[in-house]
Amino acid sequence: MFLGLDGTLYDYFNGYNDLKNKNIRFVGEANQRIKEDFLRILRYFRFYGRIAEKPDDHDAQTLEAIKENAKGLAGISGERIWTELKKIIVGKYANQLIHLLYELTVTDYIGLPVNGNLQEFDTVCKNVQNLFPKPMTILTSLLKVPCDLSKLDLRLKLSKDEKNLGLFLLKHRRDLTKASDTSMPLKPYQDFILDARESSATSRIHELLKYQGEEQLLKEMQGWSIPSFPVTGHDLRQMGISSGKDIGPLLQQLREQWKKSDYQMNKEELLSYVKKA
């Protein structure tokens with residue numbers, strides 16, 4: 001379909017009406033178009049999520065052609081597949097479209113686990129609505145064990161950050177949750193960030209909160225400034241503690257006291273604790 005210089009619309013495949021009605025289909029014969037580039041299977045779902053007005057308004061012949069040609073995706077590089085899959089998974093109707101990919105056996109050729117955790121996926125899709133999660137945050141919900149992530153990485157060639165985020169979510173999605181003390185619900189997440197002492201910890205906690213559907217806690221965490229532990233090894237040496245073997249464990253003890261105080265104890269208060277000990 002193209003527009004002539006005189007404004008005439010040349011439309012050989014009824015594309016104008018499809019666009020007007022937001023129908024998603026291949027130009028011409030679907031089987032032929034897919035065989036020209038099997039990645040068009042995933043592009044179909046990406047554009048469906050962007051344009052369609054209903055989650056399940058697919059053309060039956062189009063879906064049949066996709067199912068017949070799904071195995072062709074086995075020859076497409078993981079990088080190209082991941083580029084498309086990321087856009088599908090954070091787009092509109094991601095929940096329904098991933099289910100459909102499984103029904104059409106497309107998932108057999110793009111690295112997703114054979115027995116994906118679709119129940120968890122459904123829950124997380126609801127949790128992350130309007131929270132703008134990273135694609136890996138949603139995708140991890142389909143994985144049950146770290147081995148699933150290893151297989152996914154082997155096929156899709158994930159970045160180091162994506163793989164590490166997936167491992168983090170798999171490990172902590174159940175055991176790192178808000179505190180039972182309603183006055184300090186963020187405490188477990190804050191403690192984790194302070195203990196991790198790495199720049200990526202805050203971002204990963206944000207993604208975990210999205211995964212868990214903790215919208216209000218996410219807002220509070222995004223407004224939280226990481227406090228600085230006020231005591232250093234130099235402070236302890238000035239108190240006469242010279243052994244490096246003693247300084248490390250003592251600093252850790254003081255850090256635990258500081259955390260228990262909700263990060264409120266200052267240097268003098270912490271050092272007075274050393275004197276008492």
* Return a yes/no flag: does segment 218-229 have any residue that is at pLDDT below 95 and more than 29 Å from the chain's Cα centre (by Cα). => yes
* Structure fact -> Wholly inside segment 45-115, helices (runs of 4 or more DSSP H) that include 1 or more residues that are in the same structural domain as Leu143 (by the TED database), of a type in the set (Gly, Ala, Ser) and under 26 Å from Asn127 (Cβ atoms) are 94-103
* Where Gly28 falls short, out of the listed (1) at pLDDT 95 or above; (2) farther than 20 Å from Lys157 by Cα -> (1)
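Would you check which residues across segment 136-152 are part of a helix (DSSP H, G or I) and either among the basic types (Lys, Arg) or touching a residue at least 24 places away in the same chain (Cβ under 8 Å) (or both) and list them? Break it down stepwise before answering.
First, the residues of segment 136-152 that are part of a helix (DSSP H, G or I): 136-142, 146-152.
Listed by number, the residues that qualify are Met136, Thr137, Ile138, Leu139, Thr140, Ser141, Leu142, Pro146, Asp148, Lys151, Leu152.
May I ask you to verify whether Gln119 is at pLDDT 95 or above and either surrounded by 17 or more Cβ atoms within 10 Å (Cβ to Cβ) or under 19 Å from Ile88 (Cβ atoms) (or both)?
Working: at pLDDT 95 or above: yes; either surrounded by 17 or more Cβ atoms within 10 Å (Cβ to Cβ) or under 19 Å from Ile88 (Cβ atoms) (or both): no.
Here the answer is no, as Gln119 does not meet what is asked.
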* Residue count for segment 212-244, restricted to those that are assigned to a loop (DSSP other than H, G, I, E, B) and either within 14 Å of Glu268 (Cα to Cα) or in the same structural domain as Glu268 (by the TED database) (or both) -> 9
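So, in segment 172-191, of the ones that are exposed (fewer than 12 other Cβ atoms within 10 Å of the Cβ) and under 22 Å from the mean Cα position of the chain (by Cα), which residue ends up farthest from Val145 (Cα to Cα)?
First pass over segment 172-191, keeping only residues exposed (fewer than 12 other Cβ atoms within 10 Å of the Cβ): 174-175, 180-183.
From what's left, under 22 Å from the mean Cα position of the chain (by Cα): 174-175.
Values: Arg174: 13, Asp175: 15 Å.
So the residue we want is Asp175.
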* To do: Assess whether Gly223 counts as being farther than 30 Å from Asn130 by Cα and either surrounded by fewer than 15 Cβ atoms within 10 Å (Cβ to Cβ) or among the basic types (Lys, Arg) (or both).
  => no
* Asked: Taking interchain pairs and intrachain pairs at least six residues apart, which have beta carbon atoms under 6 angstrom, with the first residue in segment 158-169 and without any contact (Cβ under 8 Å) to a residue 40 or more places away in the chain and the second assigned to a helix (DSSP H, G or I) and buried (at least 22 other Cβ atoms within 10 Å of the Cβ)?
  -> Glu162/Met136; Gly166/Met136; Gly166/Thr140; Gly166/Leu149
* **Unmet requirement for Pro133, which otherwise passes all of (1) without any contact (Cβ under 8 Å) to a residue 12 or more places away in the chain; (2) assigned to a loop (DSSP other than H, G, I, E, B)** => (1)
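The values are calculated or read from the model by the stated rules, or taken from the named source; none is laboratory data. It should be emphasised that the depicted structure is a prediction, and the values quoted were computed from it without experimental measurement. Cβ coordinates were reconstructed from backbone atoms using ideal geometry, including for glycine residues, and neighbour counts include every protein chain displayed.
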